[in-house]
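The values are calculated or read from the model by the stated rules, or taken from the named source; none is laboratory data. Quantities reported herein were computed from a predicted structural model and do not represent experimental measurements. Quick reminder, even Gly has a Cβ in these numbers, built from the backbone with ideal geometry, and neighbours come from all protein chains shown.
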């Protein structure tokens with residue numbers, strides 16, 4: 001394996017993060033802090049508990065997931081789209097690095113940024129809301145697995161997109177609504193039928209439920225199912241990425 005090639009791509013993508021620190025880190029943390037202030041402190045103080053958890057603490061896993069999903073997709077999609085846009089993708093493809101090494105470099109960097117962002121948001125949440133983490137290992141496991149999975153998904157979007165506007169279509173029109181409807185601000189058990197059953201077709205529900213279980217030991221869906229669904233989505237993304245490099249879809253043309 002060409003570790004030098006992986007490291008070169010990884011370091012280049014990470015260096016771009018430090019050059020755009022306000023946009024990459026500060027802006028998502030600030031916007032999420034506003035959610036904590038409005039929903040966690042202002043509204044949460046006037047609401048009752050959900051599953052024995054204060055409302056401000058209950059929404060923390062959902063808000064972290066909201067930022068984690070959007071930033072993972074954004075970082076990975078832009079990371080591979082810009083070389084396509086500028087034409088430098090052909091230099092990468094002609095270099096002595098395999099498709100696996102290319103994906104590892106780009107997706108690894110995007111996932112690292114998202115994980116750092118998620119940890120920063122959790123640290124910021126402590127300022128506004130008191131919360132606990134019952135299963136810290138599984139919290140980190142869900143954080144890493146989700147970041148890698150949706151960075152792979154973002155990589156696919158970056159290959160598919162042929163202009164900058166398409167990079168924002170999926171995160172804004174699909175992922176954000178699914179997150180809001182996936183139990184980020186409420187328990188799906190609070191929904192009447194048939195909406196409770198229909199919500200189970202939302203893949204983001206399993207991510208938020210599993211992540212919330214890691215914090216408080218309570219979940220809308222069994223944690224094993226949440227973990228399995230996340231792993232399944234990652235395998236699907238890996239299969240699509242493999243097909244892209246095998247067929248040359250929007251890479252070699």
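Yes or no, residue by residue, for (1) farther than 20 Å from residue 204 by Cα; (2) under 16 Å from the mean Cα position of the chain (by Cα):
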| residue | (1), (2) |
| --- | --- |
| 47 | yes, no |
| 50 | no, no |
| 87 | yes, no |
| 94 | yes, no |
| 110 | no, yes |
| 116 | yes, yes |
| 119 | no, yes |
| 141 | no, yes |
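The set of residues from region 191-225 being in contact with a helix residue (DSSP H, G or I) (Cβ under 9 Å, 6 or more places away or on another chain) and touching a residue at least 60 places away in the same chain (Cβ under 8 Å) comprises 204, 207, 208, 210, 211, 212, 213, 214, 215, 216, 218, 223. At least 3 residues being under 21 Å from the mean Cα position of the chain (by Cα) and under 20 Å from residue 110 (Cβ atoms) is the threshold, and among the helices (runs of 4 or more DSSP H) wholly inside region 149-253 those reaching it are 164-170, 176-180, 203-216, 223-247. Read through the list (1) assigned to a helix (DSSP H, G or I); (2) more than 17 Å from residue 158 (Cβ to Cβ); (3) in contact with a helix residue (DSSP H, G or I) (Cβ under 7 Å, 6 or more places away or on another chain), then give the number of the only condition that residue 131 fails. Evaluating residue 131 over (1) assigned to a helix (DSSP H, G or I); (2) more than 17 Å from residue 158 (Cβ to Cβ); (3) in contact with a helix residue (DSSP H, G or I) (Cβ under 7 Å, 6 or more places away or on another chain) leaves (1) as the failure. For region 134-148, a tally of residues being assigned to a helix (DSSP H, G or I) and over 20 Å from residue 79 (Cβ atoms) returns 7. Considering region 1-109, the qualifying helices (runs of 4 or more DSSP H), each wholly inside and each with 1 or more residues that are loosely packed, with under 12 Cβ neighbours inside 10 Å and without any contact (Cβ under 8 Å) to a residue 60 or more places away in the chain, run over 3-19, 27-35, 60-86, 89-94. Taken as a whole, the structure leaves residue 186 outside the set of residues that are on the phi < 0 side of the Ramachandran plot and either modelled with pLDDT of 90 or more or surrounded by 18 or more Cβ atoms within 10 Å (Cβ to Cβ) (or both).
Given the condition modelled with pLDDT under 90 and touching a helix residue (DSSP H, G or I) at 6+ places or on another chain (Cβ under 7 Å), answer yes or no: does some residue in region 104-114 qualify? Among the residues of region 104-114, not one is modelled with pLDDT under 90 and touching a helix residue (DSSP H, G or I) at 6+ places or on another chain (Cβ under 7 Å), which makes the answer no.
Within region 113-137, being buried (at least 18 other Cβ atoms within 10 Å of the Cβ) and under 18 Å from residue 210 (Cβ atoms) holds for 114, 115, 118, 121, 122, 131.
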